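Worksheet: one structure, shown below.
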Amino acid sequence: MMKKNYHTLRLILGDQLNINHSWFKTTDDTVLYVLMEVRSETDYVWHHIQKVTAFFAAMENFYLELKKQNHNIVYIRLDDTDNQNTFSGNCSALIKKYNIRNFEYQYPDEYRVDKELSDFCTKLDISYKSFDTEHFYTTREELANFFQDKKTLLMESFYREMRKKHNVLISAGEPEGGQWNFDSENRKKIPKSHNAIPPYVFHNDVTDQHSRITKAKIKTIGRINPEQLVWPVNREQSLELLKHFTDNCLMFFGTFQDAMQSSQWSLYHSRLSFSLNSKMISPQEVTQAVIKAWRDNPDTISLNQTEGFIRQIIGWREYMRGVYWLKMPEFEKVNFFSHKNPLPGWYWTGETKMNCLKQSIKQSLDYAYAHHIQRLMITGNFALLAGVHPNDVDAWYLGIYIDAIQWVEITNTRGMSQYADGGAIATKPYTASANYIHKMSNYCDGCSYNYKEKTSENACPFNSLYWNFHDRNRAQLGNNPRLAMVYRLWDKMAPKEKAAILEKADCYLNQIESL
């Protein structure tokens, strides 16, 4: 039975489900923990219904685990009558109710929440303290310190430093295999005769959480079977998914990590990002498991598969977090190209004749998931070519994906995908015509548009929009050495052909809702 008074209140956020945190090493009868479902988190963007239910289910499981370990903990549900629906409101009520004399929290990963809790603490008349989440390889400031005297934020140099510092894939001071990066080997299309392994899914019953969400009339997107949520909602399932990846998918991960297939929504991707971003598992244990699998199975798992995955975890993931804390809050407003077009309505439905976008969006609505190339080179690429306002793009990505928490979403979307930061993260815009999509997928097969055509009636919109984008942004991009070939090819085209391409692009942009 919960006692009346406690000395310390400790807030646990929904993405801080790290059972190995030092907070939980011992029980303390003077400490009260709290987890809460609040409208301030469900309503700031239209989230995918699977995302909200998965977070709530994972939070409740974490609450039960802490109770099982005899920690004092309160779980505030969405439909509790005394729920203030903000972190600060509920914490204030608990501080008053239990005569709390000290408040503690772990560093939030989102600037918005960090500011809310910082502001809350400055108004408290009791002591307070914040703690590291003990999850990431790096601190918030580590990337900023590393690049302090450098002109560019080159991820590759940061990645190499992380490898050396944490002794990851390092042998006698040198990178395993004699090189740091095997990305050139990791760009294969799925062969027609290749049958990819089916995705490893769970059948979690989240009807209770789903009921609370629907009764509260929370606006969500996407689809769900609440009796069979496919995502892991506790640490045990997360470790199970990790083992499945190392046993069955790692051997093909690198080779096919950029491939896209209309009949396969998962391919050889780990789908561990939700487990990682909610902190049910750590990047260190994921990295160690992958390296162990490679060392134990050198005949079936090659180094390029291993390094390709490790780079996603210890490279890009830590890098993007560091950039986030270096650049926020100004990063939320950058718009290098002054794009202002609205996001096409079919991004919310998948109802478009462009097969690549239809497949990627409908998959996202069905599973709250798409892998990095679908996000970057299909949905992100089109939004960039179409001149969509980065705010609209951010809101869509932040809402639709189960792993989307702002620290990782906005850096990938506004920075890498939309080049809205003018090149702070990417050395050039990630744009591509239909040729790339055809090269890396089977999406062009049976599409209403012809991937080979630029100006014909059924020419793929990506082609004219690609050239239109580079033409209209030449003032900003013309001197970029990585785009020299693009502009040389454009300049070699006959004036009549260029005019036809630009006219086609205008036509498509004017009828974008019906593409």
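Data for the structure
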item	result
P(r) tail fraction, the range 376-515 - alpha-carbon pairs more than 21 Å apart, %	45
Percent carbon-and-sulfur accessible area, the range 281-427, ignoring ligands, DNA and RNA, probe 1.4 Å	52
Trypsin sites (Lys or Arg not before Pro) lying in DSSP loop within the range 104-150, provided at most 14 other Cβ fall within 10 Å	123, 150
Distance between the range 1-32 and the range 208-281 - C-alpha centres, whole angstrom	28
Those lysines that a straight Cα-Cα span of less than 27 Å connects to residue 333, excepting residues fewer than 8 apart in one chain	51, 115, 150, 151, 219, 428
Sorted largest first, extent of the range 323-453 alpha carbons per principal axis (Å)	45, 29, 24
Over the chain, volume per residue of the alpha carbon convex hull, in Å³	160
The chain, relative contact order in percent, only Cα pairs under 8 angstrom and at least six apart counted	16
Anisotropy class of the range 94-165 from Cα gyration tensor, a/c 1.5 cut	prolate
Heavy-atom accessible area ranking, 1.4 Å probe, most first, across 326, 303	326, 303
Candidate lysines for bridging to residue 496, where Cα separation is under 19 Å - those fewer than 8 sequence places away on the same chain excluded	452, 454, 504
Three-way shape label, the range 31-143, alpha-carbon gyration tensor, a/c 1.5	rounded
Probe 1.4 Å - accessible area at residue 445, Å² to nearest ten	90
Solvent-accessible area per residue, Å², over the chain with all protein chains present [probe radius 1.4 Å]	43
Lys/Arg +1, Asp/Glu -1 at C-beta; the range 138-208 dipole; positive extreme among 168, 145, 193	193
The range 419-500: GluC sites (Glu not before Pro) in DSSP loop, at most 13 other beta carbons within 10 Å	457
Simple label model, 7 Å out from Cα along Cβ direction - residue 333 to residue 149, nm	3.3
Ranked by how many other beta carbons lie within 10 Å on average, peptides 31-44, 209-222, 390-403 from highest	390-403, 31-44, 209-222
Other-chain or far-sequence residues with amide H under 5 Å of residue 74's (modelled H)	33, 34, 35
Alpha-carbon centroids, the range 392-406 and the range 66-88: separation in whole Å	26
Computed [θ] at 222 nm, helices only, for the chain once each DSSP H run of length n ≥ 4 contributes -39500 (n - 2.57)	-11500 deg cm²/dmol
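The values are calculated or read from the model by the stated rules, or taken from the named source; none is laboratory data. Remember, it's a predicted structure, so these values are computed and weren't measured experimentally. All Cβ positions, glycine included, derive from the backbone under ideal geometry; neighbour counts span all protein chains shown. Surface accessibility is based on the protein's heavy atoms, side chains included, excluding ligands, DNA and RNA. Shrake-Rupley method; radii C 1.70, N 1.55, O 1.52, S 1.80 Å.
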